[in-house]
Amino acid sequence: MTDLARDAAAAGLQIEWQDADGNRHTVADDTLRAILDTLDTRTGGIAFVTADTGSPVATAATPGHATLILEDGTRTAVTIAADGTIPAIATPGHHRLETGDAAITLAVAPPRCVAPPPGHSWGPAVQIPALRGGTATPYGDLGTLAEAARAFAQTGADALAISPTHALFPTDADRFSPYAPSSRLFHHALLADPALAGAAPAAQDGDALIDWQHALPARLAHLRYAFDTAPAELIARFTADRARRQDWNEHARYDALHAHFGTHGWQDWPEAFHDPASLAVERFAADHAREVDFYAFLQWLADTSLARAQAAARDAGMRIGLIADLAVGMDAGGSHAWSRRGDLLTGLSIGAPPDPLGPQGQNWGITALSPFALRRTGFDAFIRTVRAALCHAGGLRIDHALGLKRLWVIPDGGKASDGAYLAMPFDDLLRILALESHRANAIVIGEDLGTVPPGFRDTMAARGMLGMRVLPFERDASGFTPSSGWDAQAVAMTGTHDTATLAGWWTGRDITWNHKLKRSGNDEPADRLRRIGEKKALWTACTAAGVATGPVPHDPAPAVDAAIAFTAQAPCPITIVPLEDLVGIEEQPNLPGTTDGHPNWRRRMPDTTAGLLARPEVARRTALLSAKTPA
């Protein structure tokens, strides 16, 4: 083994990797060097150990007597064995082991995440901005979401899977992707419900596509007016809550600075403002106190709005309520990178190697938490991130859950294919997720699609995390696999925000887009001919399952009905159907690997949620899902 290979292996970089088709690849030496040059692999810092309830806890502590202090303050004398272990701890929580010369934080997790409710549940997946509600808004917000939750609960839905609510950039209307946030520790300020601040409704934008360049500045001005004219009682509530959330202030400083300098990210600010603890930042915050107060107010309003939406879901009868979506990373120029840059991988972006979702590979242009920083800081950033996502939710979907085990890291400026896998502290992260799942009484779903490492799904299942069995990917050499044989430790889905909708797939709308944007290596007639065979295979599977009859239809509506019924037959505890599929819409919310060519994250629903649910075809599909009995 060469010195370079040794250094790479020591840092957790995989020199070789296997793609979705089973082909093996070797990472180029130049790529390995470029990645190693960016990694801060320092060890040390907070002594932190994860463990399972009921199993001995392995530590690096010196043998002898010690004191175990449970999270509730209970103190117990324990003996550290010669191998550094202490007896099993029965109580889950964040505990502390004190020895004569050191202290170790212990995160003791239940064996599994919280289980789904008994029987079968279903819910739609929605893009929050795409929703329309009874109040006129240029895009869907958290008030619109609360309306949608109440409406879906009346149809029998137990859950509502939502797009990420992470903080974006309030004064940059060009950055509206929910998967490239400024920070995952806070919420998208401009999703806040203006009605909670007493603001009158804004004018309705009736277009099918959201005009973010107009809508976001207008909403910001609308919320600023609400803040400036807010009654004293509202400001008093905000002030009281702000005193308990001092972290809002740092994020508010970032947003105020970002608005002031009008640049892409903090790296473009004058150097004196690069350090959030600098005198220049302190002076700015003092001189622009009203601006900082405003952005802190927006965080309070967004948090309050999200809490109201979850309360609306649960009060209306949903057993789970909102299922939050946790993006895999964040913008390197955003709030988290400015205030806590030591948490992140610097000089690297993350993505995915070539796979069925992205044949050329994917470079998402975002960064992620560093495995070395996680160990140095007692996993503080990850714990905060999970808690922020679960604060007002009954479930959590982890986008690209494969990133819990390994991240595809790409040197800045490199192609998506010029990357390597970097190992993450998988076991520790899974234990923390199980612990936080119980603290929030929330289920956990992991997006386990793409190039899945061997044993990954088994490990997830053992921890009680639900995988995702998505209809377009459940195939073998002979066609679509019977949904009755799908993995029960998963949610069953007809699609995701990154796949073609059922109607769009049936009509070949996705093929049209792929050729328009030159995303396919085949000629269009060949792709359409192949789709004819695929449609026949799906219809054959649906017919065998007893949810379809007759010849393959030309009209997508019967195919959508059959595909939803077919998916609902899976032994999975939860069925999730994108709202686009319930309505029978051909266009998908996002086309992976595209930016300007496809209107990603801009599409709106054609009617209010109540109006959509009243449509006969939608009512038929929701009734089918609600009528399913437990297996």
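The values are calculated or read from the model by the stated rules, or taken from the named source; none is laboratory data. Computed from a prediction, not measured in an experiment: that's the story for all the values here. Because the Cβ atoms are built from the backbone with ideal geometry, glycine has one as well, and the counts that use them run over all protein chains shown. To get the accessible areas, we keep the full protein, side chains included, count just its heavy atoms, and leave off ligands, DNA and RNA. Shrake-Rupley method; radii C 1.70, N 1.55, O 1.52, S 1.80 Å.
If we count every other residue with Cβ under 13 angstrom of LEU196's Cβ, Lys/Arg +1 and Asp/Glu -1, where does the sum land? If you can, show how the numbers build up before the last one.
On the way: positive: ARG237, ARG308; negative: ASP141, ASP193, GLU233, ASP241, ASP303.
Overall, the nearby charge balance is -3.
Each 10 Å bin from zero up to the one holding the largest Cα-Cα distance in the stretch 260-344 carries the following percent of pairs: 14, 32, 29, 17, 8, 0. Basic side chains Lys and Arg get +1 at the Cβ, acidic Asp and Glu get -1 at the Cβ, and with that the dipole of the chain about its Cα centre reaches some 1240 debye. Each of LEU404, ALA20, HIS95 was placed along the dipole of the chain (beta-carbon charges, centred on the mean Cα), and the one lying farthest toward the positive end is HIS95.
I'd like the FRET efficiency for LEU279 and ALA236, computed as 1/(1 + (r/R0)^6) with the beta carbon distance as r and R0 of 35 Å, rounded to 0.05. Provide the component values of the computation, followed by the final result.
On the way: r = 32 Å, r/R0 = 0.91.
After rounding, the FRET efficiency stands at 0.65.
Tell me, what is the FRET efficiency for THR62 and ASN441 to the nearest 0.05, using R0 = 41 angstrom and their Cβ-Cβ distance as r? According to the calculation, E is roughly 0.60.
Both numbers refer to the Cα atoms of the chain; Rg and Dmax are 24.9, 77 Å. The antiparallel fraction among DSSP beta bridges confined to the chain stands at about 55%.
At a Förster distance of 41 Å, what's the computed FRET efficiency of THR229 paired with ASP40, Cβ-Cβ distance as r, to 0.05?
So, using R0 = 41 Å, E works out to roughly 0.30.
Available extension along the chain between ASP174 and ALA200 is 6.8 nm, counting 0.36 nm per residue and deducting the alpha carbon span. Globularity index of the stretch 346-454 is 1.11 (Cα radius of gyration / 2.2 N^0.38 Å, N = number of residues). What is the Cα centroid distance between the stretch 519-545 and the stretch 1-53, reported in whole angstrom? If you average the Cα positions of each part, the centres end up 39 Å apart. When each full DSSP H helix of the chain is screened for a Cα extent of at least 20 Å along its own axis and an average Kyte-Doolittle hydropathy of at least 0.0, the helices passing are 426-440. The magnitude of the dipole of the stretch 526-592, with charges of +1 and -1 set on the Cβ of Lys/Arg and Asp/Glu and taken from the Cα centre, is near 340 debye.
If the chain linking ALA627 and ALA221 were pulled fully straight, counting 0.36 nm for each residue of separation and taking away their Cα-Cα distance, it would gain 141.6 nm. When the surface is traced with a 1.4 Å probe over the full set of protein chains, ARG620 keeps roughly 110 Å² accessible. Centre-to-centre, using Cα atoms only, the stretch 129-174 and the stretch 424-455 are separated by 26 Å. The label-point distance for ARG245 and GLN213, in a model that sets each label 7 Å from Cα toward Cβ, rounds to 3.2 nm. Per-residue surface analysis assigns MET460 an accessible area of about 0 Å², computed on protein heavy atoms at 1.4 Å probe radius.
Using a probe of 1.4 angstrom, how much of the accessible area of the stretch 312-446 is carbon and sulfur, in percent? Here carbon and sulfur together make up 48 percent of the probe-accessible area. Ranking ASN522, GLY550, VAL560 by Cα position along the charge dipole of the stretch 502-563, where only Lys, Arg, Asp and Glu carry charges on their C-beta atoms, puts ASN522 farthest toward the positive end.
Net charge around LEU422, counting only other residues with Cβ within less than 12 Å of its Cβ (Lys, Arg = +1; Asp, Glu = -1)? So the surrounding residues net to +2. Each Lys and Arg adds +1 at its Cβ and each Asp and Glu adds -1 at its Cβ; summed about the Cα centre, the stretch 420-481 shows a dipole of about 120 debye.
Report the local net charge at ARG224: Lys and Arg +1, Asp and Glu -1, summed over other residues whose C-beta lies under 15 Å from its C-beta. Counting the neighbours of ARG224, the net charge comes to -2.
Can you pull the Rg over Rh of the stretch 541-631, Cα-only, Kirkwood?
1.01
Taking the Cα centroid of the stretch 280-323 and of the stretch 64-121, what is the distance between the two, rounded to the nearest whole Å? Distance between centres, Cα-based: 33 Å.
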